[in-house]
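Chemist: Can you keep this structure in mind? I'll have questions shortly.
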Amino acid sequence: MFELDPTHDASLRSWVPGANGHRDFPIQNLPIGIFSSAAGTQRAGVAIGDQILDIPATLTAGFFSGIARLAAETASGSSLNAFLGLDPEVRNAFRHRLSELLQTNQPDQDKLTRHLHDSTSCQLHLPAVIGDYTDFYTGIHHAENVGKQFRPDNPLLPNYKHVPIGYHGRSSSIVPSGIPIRRPQGQYKAPDKEEPSFGPSQRLDYELELGIWIGKGNELGQAIPIDQAWRYLGGFCLMNDWSARDIQAWEYQPLGPFLAKNFSTTISPWIILPEALAPFRIAQPSRTPGDPSPLPYLQSPSDQKQGAFDIRLEIFLVTPGLKSKKLSPYRLAQSNTRYMYWTASQLITHHTCGGCNLRSGDLIASGTLSGPDATECGSLLETTLGGQKPILLPSGEERRFLEDGDEVILHAQGVRQGFQSIGFGPCSASVTA
Ligand code: MN
């Protein structure tokens, strides 16, 4: 699967100023994205510290050869769908070459410097044309917390530990970090009213999720076996699956979420390559003794041994009151990707088991990732118990759900003893009226 190699060595240093010890993008990470500088077109870049290495320019200057060159050529256009479709071996050759180019003692440092851009003066775009988006529900503590609000004695539905639950989402409204989110209008029914009404959602919420980019696609009718599923992973991002709880509660039966979720979804724009996350892979932790074994089509010893991730997650809130009083962003929760009940490979295999074809650049979401503790809730629905228990902020403000002017910021960081920590970069957006 994804093995440790010299690109993960914690002692590697980069000649790029500010890259060493960077919280998100040290030389051990090397995520790829689509950026534009002030006058330039949209093109592929790799994040290193607070700089972006221009891939088409580096390719034209002759810095890639062999297999790494083939990979760089797929990253020459304005989206990364073709790059995502590469075999893992080809993608990894590209990663190894980038690591060489950006390491200290690189003789061509001066020539390469010309192809670096200061990220603060660049704009990040969606990295791929997202054909389809699927939202799963793998956060078992989220499923339990939400289930408890409706069924205190029996929070998990009987299918939960047998079948990965998901639904087909909306890809057209996925936006990169930084784009403001408009509070949706919609239909909802207040509990004390007989009739539904139409207007701005009163119960706007966030959802903390891991995004999974599909790499290679599969042919229609051809299922992806569980032992092969890792080869179809293209990368990872953070995702805020904004949710209008009042609209959701009224519309979701019997077919599931619709307008409550499709008005906007925010993602972090850098694709964290699967190879970069090798140090943070762990055994599938969320199954406890007594849980049913997955059916054979979802079972693979190697996937159960290293198919899950230990990535720390955090949610911060900035409100108009916190900002005007110059108070720091308020940490709403911390969580972890280890709370996924199903691995990324299990989601890919399950998605395709009936013959559904996935395509390069499709996006899969983990579902809200909450932990077992009250400080680990991935949504306000859980933190405030559906709005019953407001959060008291240091500014004196209260929050049951999001208000206009609020900004939600998600963070993710892989941390492991003996390895360099890496992050996902920003995933944030403000709510507007
Ligand atoms: Mn969701």
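Chemist: Would you mind giving the average projected area, over all directions, of the Cα convex hull of the range 110-212 in nm² with one decimal?
Modeler: 11.6
Chemist: Kirkwood Rh and Cα-based Rg: tell me the resulting Rg over Rh for the range 207-334, rounded to two decimals.
Modeler: Working: Rg = 18.9 Å, Rh = 18.2 Å.
Rounded to two decimals, Rg/Rh equals 1.04.
Chemist: With only alpha-carbon atoms counted, please give the Rg and Dmax of the chain, in Å.
Modeler: According to the Cα coordinates of the chain, Rg and Dmax are 21.6, 74 Å.
Chemist: Let me ask another. Over all directions, average the projected area of the Cα convex hull of the range 229-281 and note it in nm². Working shown, then result.
Modeler: Working: hull surface 21.7 nm².
Over all viewing directions, the range 229-281 projects a mean Cα-hull area of 5.4 nm².
Chemist: Tally Lys and Arg at +1 and Asp and Glu at -1 over the other residues with C-beta under 15 Å from the C-beta of Asp135: what net charge comes out?
Modeler: -4
Chemist: Between the range 177-247 and the range 280-315, what is the C-alpha centre distance in whole Å?
Modeler: So the two Cα centres are separated by 22 Å.
Chemist: A further question on this structure: Near Leu59, within a Cβ-to-Cβ distance under 12 Å, what is the net charge of the other residues, with Lys and Arg +1 and Asp and Glu -1?
Modeler: Net of charged neighbours comes to +1.
Chemist: Now for a different question. Probe of 1.4 angstrom, ligands and nucleic acids ignored: what's the accessible area per residue over the chain, in square angstrom?
Modeler: I get 42 Å² per residue for this part.
Chemist: Next up: Of the accessible area of the range 234-388, with the probe set at 1.4 angstrom, what percent is carbon plus sulfur?
Modeler: On the way: 3130 of 5580 Å².
Roughly 56 percent of what the probe reaches on the range 234-388 is carbon or sulfur.
Chemist: Taking all protein chains as present, what is the carbon and sulfur share of the accessible area of the range 1-57, in % to the nearest whole number, probe 1.4 Å?
Modeler: It is 52 percent, rounded to a whole number.
Chemist: Something else now. Highest mean first, what order results for 336-347, 383-394, 299-310, 73-84 on Cβ atoms within 10 Å?
Modeler: Descending mean neighbour count gives 336-347, 73-84, 299-310, 383-394.
Chemist: How compact is the range 171-221 by the rule of thumb for globular proteins, expressed as Cα Rg over 2.2 N^0.38 Å?
Modeler: Dividing the Cα Rg of the range 171-221 by 2.2 N^0.38 Å gives 1.79.
Chemist: Between the range 398-433 and the range 34-93, what's the alpha-carbon centroid distance in Å?
Modeler: Using only Cα atoms, the two centres lie 27 Å from each other.
Chemist: Under 5 Å between amide H atoms, partner at least 5 residues away or on a different chain: which partners does Gly49 have, H built in plane at 1.01 Å?
Modeler: Counting only residues 5 or more places away or on other chains, the set is Phe25.
Chemist: Quick one: which of 165-172, 258-265, 101-108 comes out on top by average Cβ neighbours within 10 Å, and what's the full order, highest first?
Modeler: Descending packing order for the listed peptides: 258-265, 165-172, 101-108.
Chemist: If you don't mind, another one. Calculate one ³J(HN,Hα) per residue across the range 161-176 by plugging θ = phi - 60° into the Karplus curve 6.51 cos²θ - 1.76 cosθ + 1.60, and present them in order as whole Hz with x for glycine and proline.
Modeler: Once θ is set to phi - 60°, the couplings for the range 161-176 become 8, 10, 10, x, 8, x, 8, 7, x, 10, 8, 5, 9, 7, 10, x Hz.
Chemist: What is the percent carbon and sulfur in the accessible area of the range 153-221, measuring with a 1.4 Å probe over the protein chains and ignoring ligands?
Modeler: On the way: 1960 of 3830 Å².
Its accessible area is 51 percent carbon and sulfur atoms.
Chemist: Compare the peptides 325-332, 399-406 by average per-residue count of other Cβ atoms within 10 angstrom and give them in order, highest first.
Modeler: 399-406, 325-332
Chemist: In whole Hz and in residue order, list the ³J(HN,Hα) couplings for the range 81-92 that follow from phi through the Karplus curve 6.51 cos²θ - 1.76 cosθ + 1.60, θ = phi - 60°; x for Gly and Pro.
Modeler: 4, 5, 4, 4, x, 5, 5, x, 5, 5, 4, 6
Chemist: Quick one: what are the phi-derived ³J(HN,Hα) couplings along the range 140-145, Karplus 6.51/-1.76/1.60 with θ = phi - 60°, whole Hz, x for glycine and proline?
Modeler: Once θ is set to phi - 60°, the couplings for the range 140-145 become 5, 6, 5, 4, 5, 4 Hz.
Chemist: Moving on to the next point. What does the net charge come to around Leu402 if you take all other residues with beta carbon closer than 10 Å to its beta carbon, with K and R at +1 and D and E at -1?
Modeler: Neighbour charge sum, excluding Leu402 itself: -1.
Chemist: Okay, moving on. For Thr104, enumerate residues with amide H under 5 Å from its amide H, sequence gap 5+ or separate chain, H modeled in the peptide plane.
Modeler: Under 5 Å from the amide H of Thr104: Arg13, Ser14, Trp15.
Chemist: Which pairs in the list Lys193/Lys323; Lys261/Lys326; Lys323/Lys389; Lys148/Lys325; Lys325/Lys389 are over 26 Å apart, alpha-carbon to alpha-carbon?
Modeler: Table pairs above 26 Å Cα-Cα are Lys193/Lys323; Lys261/Lys326; Lys148/Lys325.
Chemist: What relative contact order, as a whole-number percentage, does the chain give when Cα pairs under 8 Å and 6 or more residues apart are counted? Each step should come with its number before you reach the end.
Modeler: Working: 1024 pairs, mean separation 91.3, N = 433.
This gives 21 percent for the chain.
The values are calculated or read from the model by the stated rules, or taken from the named source; none is laboratory data. The shown structure was predicted, so the numbers you read here are calculated from the model rather than taken from an experiment. Cβ: placed from backbone, ideal geometry, glycine included. Neighbour counts: every protein chain shown. Note: areas computed on protein heavy atoms with side chains; ligands, DNA, RNA excluded. Shrake-Rupley method; radii C 1.70, N 1.55, O 1.52, S 1.80 Å.
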